[in-house]
Amino acid sequence: MEKISFESLYDAYLDCRIHKSTTYNAEEFEMNAMFNVQRLMDEINSGTYRPSPSQCFLVFVPKVREVFCASFRDRVVHHWMMRELTPYIERHLIYDNANCRISKGTDFALRRVRTFINRITGNHKN
């Protein structure tokens, strides 16, 4: 298996922190970012990396629900994996798959659903 480079993992860290930079785990990771990225890279390259247990918390709006999320360091790995694997996976996915794909968010998915509903119902005439 090809070794992960520090640069590619660091780029994944930068992507990851865009939306999570104010969380406690992200701030803790960032205090020693270079060391943490290096340690993560060493663990992955040596085959000793293991995902941390998920964190659980409650959200009350719009309704009460339990949310499980990965630790920040595991999110960095997720970002790295997506950056590396997307070019290989993308060509095998159907056009309508909007899950975690660039330019295919909620608005894209809603437009596609409306298109199919209109097609099936004859523009709501059936």
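Can you name the residue in segment 51-89 that is of a type in the set (S, T, N, Q) and not in a strand (DSSP E or B) and is also nearest to LYS3 (Cα to Cα) among such residues?
Kept after step one, since they are of a type in the set (S, T, N, Q), are these residues of segment 51-89: 52, 54-55, 71, 86.
When the remaining residues are screened for being not in a strand (DSSP E or B), the result is 52, 54, 71, 86.
Working: SER52: 21, SER54: 26, SER71: 23, THR86: 18 Å.
Ranking the candidates gives THR86 first.
Give the residue, chosen from PHE68, PHE116, that is touching a strand residue (DSSP E or B) at 6+ places or on another chain (Cβ under 9 Å) and over 17 Å from ASP15 (Cβ atoms).
PHE68
Report, by residue number, each residue of segment 1-24 that is in contact with a Lys or Arg (Cβ under 8 Å, 6 or more places away or on another chain) and not hydrophobic (A, V, I, L, M, F, W, C). Full working, then the answer.
Applying the first criterion (in contact with a Lys or Arg (Cβ under 8 Å, 6 or more places away or on another chain)) to segment 1-24 yields 8, 11-12, 15-16, 20.
Selection gives SER8, ASP11, ASP15, LYS20.
For THR48, which of the numbered conditions (1) assigned to a helix (DSSP H, G or I); (2) at pLDDT 95 or above fails to hold?
It fails just one condition, (1).
I'm trying to understand the selection: among the residues of segment 28-42, which are touching a residue at least 40 places away in the same chain (Cβ under 8 Å) and under 15 Å from ASP15 (Cα atoms)? Please lay out each step first, then the result.
So in segment 28-42, the residues touching a residue at least 40 places away in the same chain (Cβ under 8 Å) come out as 28-29.
Scanning segment 28-42 gives a single hit, PHE29.
Quick one: what pairs do we get from segment 95-120, first residue surrounded by 10 or more Cβ atoms within 10 Å (Cβ to Cβ), second among the charged types (D, E, K, R) and not in a helix (DSSP H, G or I), C-beta under 6 Å, 6+ apart or different chains?
Qualifying pairs under 6 Å: ALA98/LYS104; ARG112/ASP96.
Here's the yes/no breakdown for (1) among the acidic types (Asp, Glu); (2) open to solvent by 80 Å² or more (accessible area, probe 1.4 Å):
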{"position": "LEU9", "(1), (2)": "no, no"}
{"position": "MET34", "(1), (2)": "no, yes"}
{"position": "SER54", "(1), (2)": "no, no"}
{"position": "PHE57", "(1), (2)": "no, yes"}
{"position": "CYS69", "(1), (2)": "no, no"}
{"position": "ARG83", "(1), (2)": "no, yes"}
{"position": "THR86", "(1), (2)": "no, no"}
{"position": "GLU90", "(1), (2)": "yes, no"}
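Do you know which residues across segment 11-32 are open to solvent by 50 Å² or more (accessible area, probe 1.4 Å), over 14 Å from the mean Cα position of the chain (by Cα) and under 22 Å from CYS56 (Cβ atoms)?
Selection gives THR22, THR23, TYR24, GLU27, GLU28.
Find the residue count for segment 1-27, including only residues that are among the charged types (D, E, K, R), without any contact (Cβ under 8 Å) to a residue 40 or more places away in the chain and farther than 19 Å from SER54 by Cα.
2
The values are calculated or read from the model by the stated rules, or taken from the named source; none is laboratory data. The structure displayed is predicted, hence computed values, not measured ones. With ideal geometry, Cβ positions are generated from the backbone for all residues, glycine too; neighbour counts draw on all protein chains shown. Each accessible area value is taken on the protein alone, full model and side chains, heavy atoms only, with ligands, DNA and RNA left out. Shrake-Rupley method; radii C 1.70, N 1.55, O 1.52, S 1.80 Å.
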